[in-house]
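Accompanying notes for the structure given below.
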Amino acid sequence: MMNMANNVPRDRLIFALDVGGGMDEALSWVDRLWNHVGLFKVGKESFVRYGAEIVRQIHARGGKVFLDLKFHDIPNTVAGAAEAACGLKVAMFNLHALGGMRMMTETMGAVQRFAERSKMEPPVVLAVTILTSLNDDDLKRLGFKGGTRETALHLARLAQDAGIPGVVASAEDAAAIRKACGGAFRIVTPGIRGSKEVAGEDQKRIVTPAEAVSSGADYLVVGRPIRQAADPAGEADSIAKEIARGLALRNG
């Protein structure tokens, strides 16, 4: 599995590249931030608008890609999509843990076989636990018996049992997942706010960068706080400093 974890704070920052102004605008953010962040997250909006070419163009500019398409389907379909993601040479991609044990195990098998055939390091596969836009009341309405923290922890354990090396989870859930799944288990955390309030925030469970990392997060996904900043590169650097502070708190 691709070894991405390190103690360079900038490398732990993932910029959410979900912009709708065209390919040129999207790539202008890559040119602006490539030496201020570790990865660029290509989500559904960007991938549907621009296709696989956006991934190729990021790579051509020396950037790494987290393909955030949250695969969730029957096992064979997700395994096939995972092989396609490997073919794009992304550094990370994710699937929904709610797809179940068989979907996750078959996907990991497909990834490992593709990597062996291609003589390449496989990407980091992440299981999405509970979206940060959902809270306890939302889960209750959906018929879940447990709250967000209990359910996220259960799904993280299930993913680890299936051979998935990490999860996407709220920072609120990171400490419990870290304790249950160990130090090598990767935790990628969205719902991170920057140094200022961000207009249009629709995530209900958000924390600061230092809080997230000190709680156990390895990587932080940040979008609007950087995009809407007067100085986006400066904001990214400020968040990297917060990541460093969080690492010091966690390791101290």
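Just checking, which of Met104, Met92, Met4, Met23 is at pLDDT below 95 and under 19 Å from the mean Cα position of the chain (by Cα)? I'd like the intermediate steps shown before the answer.
Details: Met104 fails: at pLDDT below 95; Met92 fails: at pLDDT below 95; Met23 fails: under 19 Å from the mean Cα position of the chain (by Cα).
Being at pLDDT below 95 and under 19 Å from the mean Cα position of the chain (by Cα) holds for just one of Met104, Met92, Met4, Met23, which is Met4.
Give the residues of the stretch 212-252 that are in a helix (DSSP H, G or I), of a type in the set (Gly, Ala, Ser) and in contact with a helix residue (DSSP H, G or I) (Cβ under 7 Å, 6 or more places away or on another chain), sorted by residue number.
Of the stretch 212-252, the ones in a helix (DSSP H, G or I) are 212-215, 224-227, 232-251.
From what's left, of a type in the set (Gly, Ala, Ser): 212, 214-215, 233-234, 236, 238, 240, 244, 246, 248.
Across the stretch 212-252, the qualifying residues are Ala212, Ser214, Ser215, Ala233, Ala236, Ala240, Ala244, Gly246.
Looking at the stretch 217-242, which of its residues are open to solvent by less than 20 Å² (accessible area, probe 1.4 Å), farther than 21 Å from Gly182 by Cβ and under 19 Å from the mean Cα position of the chain (by Cα)?
Val221, Val222, Gly223, Pro225, Ile226, Ala236, Ile239, Ala240
Could you tell me whether any residue of the stretch 132-145 is under 24 Å from Gly246 (Cα atoms) and touching a helix residue (DSSP H, G or I) at 6+ places or on another chain (Cβ under 9 Å)?
yes
If I filter the stretch 44-58 for residues that are among the acidic types (Asp, Glu) and open to solvent by 60 Å² or more (accessible area, probe 1.4 Å), do I get at least one hit? Before the answer, list the steps.
Here is the first cut: in the stretch 44-58, the ones among the acidic types (Asp, Glu) are 45, 53.
Restricting the remaining residues to those that are open to solvent by 60 Å² or more (accessible area, probe 1.4 Å) gives 45, 53.
Looking for residues that are among the acidic types (Asp, Glu) and open to solvent by 60 Å² or more (accessible area, probe 1.4 Å), one finds at least one in the stretch 44-58, hence yes.
Pull up the stretch 175-196, narrow it to residues that are in contact with an Asp or Glu (Cβ under 8 Å, 6 or more places away or on another chain) and part of a loop (DSSP other than H, G, I, E, B), then point me to the one that is least open to solvent (accessible area, probe 1.4 Å).
My answer is Gly194.
Here are some conditions: (1) at pLDDT 95 or above; (2) closer than 15 Å to Val221 by Cβ; (3) open to solvent by less than 50 Å² (accessible area, probe 1.4 Å). Lys64 meets all but one. Which one does it not meet?
(3)
The values are calculated or read from the model by the stated rules, or taken from the named source; none is laboratory data. For clarity, every value in this text was computed on a predicted model and none was experimentally measured. Backbone-built Cβ (ideal geometry, glycine too); neighbour counts: all protein chains shown. With ligands, DNA and RNA removed, areas are computed over all heavy atoms of the protein, side chains included. Shrake-Rupley method; radii C 1.70, N 1.55, O 1.52, S 1.80 Å.
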